[in-house]
1. Filter the stretch 275-289 for residues that are closer than 30 Å to ILE29 by Cβ and surrounded by fewer than 12 Cβ atoms within 10 Å (Cβ to Cβ); which is modelled with the highest pLDDT?
2. How do the strands (runs of 3 or more DSSP E) wholly within the stretch 107-205 filter down when requiring 2 or more residues that are in contact (Cβ under 8 Å) with a residue 60 or more places away in the chain and closer than 30 Å to ALA258 by Cα: which remain?
3. Filter the stretch 336-353 down to residues that are more than 40 Å from the chain's Cα centre (by Cα) and over 11 Å from ILE7 (Cα atoms), then give me how many there are.
4. For the stretch 290-303, indicate whether the set of residues that are more than 29 Å from ILE408 (Cβ to Cβ) and either of a type in the set (D, E, K, R) or surrounded by 18 or more Cβ atoms within 10 Å (Cβ to Cβ) (or both) is non-empty.
5. How many residues are modelled with pLDDT under 90, surrounded by 16 or more Cβ atoms within 10 Å (Cβ to Cβ) and under 16 Å from TRP169 (Cα atoms) if we restrict to the stretch 183-215?
6. Among LEU354, LEU393, which is the only one that is free of Cβ contacts under 8 Å to residues at least 12 places away in the same chain and either in the same structural domain as LEU301 (by TED's automatic domain parsing) or surrounded by 17 or more Cβ atoms within 10 Å (Cβ to Cβ) (or both)?
7. When you look at GLY272, is it crowded, with 17+ Cβ neighbours inside 10 Å, closer than 30 Å to GLU109 by Cα and not basic (Lys, Arg), yes or no?
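The values are calculated or read from the model by the stated rules, or taken from the named source; none is laboratory data. The structure presented is a predicted model; accordingly, all values stated were derived computationally and were not measured. Every residue, glycine among them, receives a Cβ derived from its backbone with ideal geometry; neighbour counts consider all protein chains shown.
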Amino acid sequence: MRWHDLIGSAVASTLRGRIRTVLTVVAVIIGAFALTLTSGMGVGVNRYIDETVAAFGDTDALYVQKSQPLLELSAGSGPRVYDPDSTQIATGFGVSFVGLSEEDVLIIEDTAGVAQVQPVYNVVPTYLNAEGAKYQLTLGIPVDGEGLRMVAGSIATEGADEIAIPDSWVADLGFASPAAAVGATVEVVMTDLAGAERAFAATVSGVTQASLAGVAMNPIPSTSFNERLYAYQVSGGPEEVAASYIMARAIMENPAQAPAVQERLEEAGMIGSTVEDQLGMFRTVINAVVWILNACAVIALLAAGLGIVNTLLMSVQERTREIGLMKAMGMGGPRVFGLFSLESVFIGLLGAVLGAAAGVATGTWLTRVLAEGFLAGLPGLSLFAFHAPKIALIVVAVLGIAFVAGTIPAVRAAGKDPITALRHE
């Protein structure tokens, strides 16, 4: 019997026990379906993270903060001695953290591999005044012009009193569209140490798009405007307030020097992280979840493999006389082995193709539904993304599991004695 005859015979034999075959194929479909979905989720989320890092654009920068202590409670540990040069920054609820001092900024500037340092002030506006209405306001960290995805306009221009607002703020601030918001004027109201309020007019330079990095969740001022607001915030007191920064943006001469620069900063009591480092946590968590889900899908496929073993063992038992007849007519053990192996592979192929197709269809549909609903706040995120090579790899893996599962029944069939098999009732 030639190989194409074996394939035809294997398909016909598989379809002979329809109910048993269908149940086994369904088990394989479930495993392939789950593995396709989890693989697609890993590809989709990691691609979005890569796009976020690329869109941020500032890959040659380190964001530097004090490494110790990270947080200090202002209550419960006794009073602390007053230090007029302290860089302690309060965040509310009795929690504060140590900011960077002028001396820290100078250390960063003198660090080998750092070309430029841009300290970030801790600016706490009183409120935002837009179209006659007042809104709570937390400012984001000023970034370079190519650092954000823009819905309309551009990021705030250095040297100008400008601010970029998130696209989720446009309607609430009374603007008809993102384009209509560009060029409008809003007021950032600050309060100095004496309790006096002052409004600072700012032009809306553009509208930003939200991202996983979280950098576009709040309005982002230009660096110069941010410094003006901070200068007023610390004015009006009886004594000059020591400058403190929540972090500093260190522009590196070469992004490849990042590990060495980070090591030098750590020796100075500071910690520096890139955008990739900050998003690495998301990537690690997502990959861990995907691996766990993949493991569950593989377990389902192994269970389906046991189903294939059971199905073919029953087939061998039922076809004992047929096997004896084939061997009596000259079919060797390897051909018999191949016949039953092809049956197992055919079952695996049906389950893999149908499961993968169902996974791709379901993932594509879920991506569209979630993008319009639950994930609407993260434009550009496709939760499931499918690559043809990975889908093909899943199909091949399922076929491999099916083949391995079919070897036990195939070996048993190939080893049957033809005379004994013909006497079987």
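1. My answer is ALA288.
2. 114-121
3. 2
4. Within the stretch 290-303, one or more residues are more than 29 Å from ILE408 (Cβ to Cβ) and either of a type in the set (D, E, K, R) or surrounded by 18 or more Cβ atoms within 10 Å (Cβ to Cβ) (or both).
5. 5
6. When all the criteria are applied, what remains is LEU393.
7. In short, yes.
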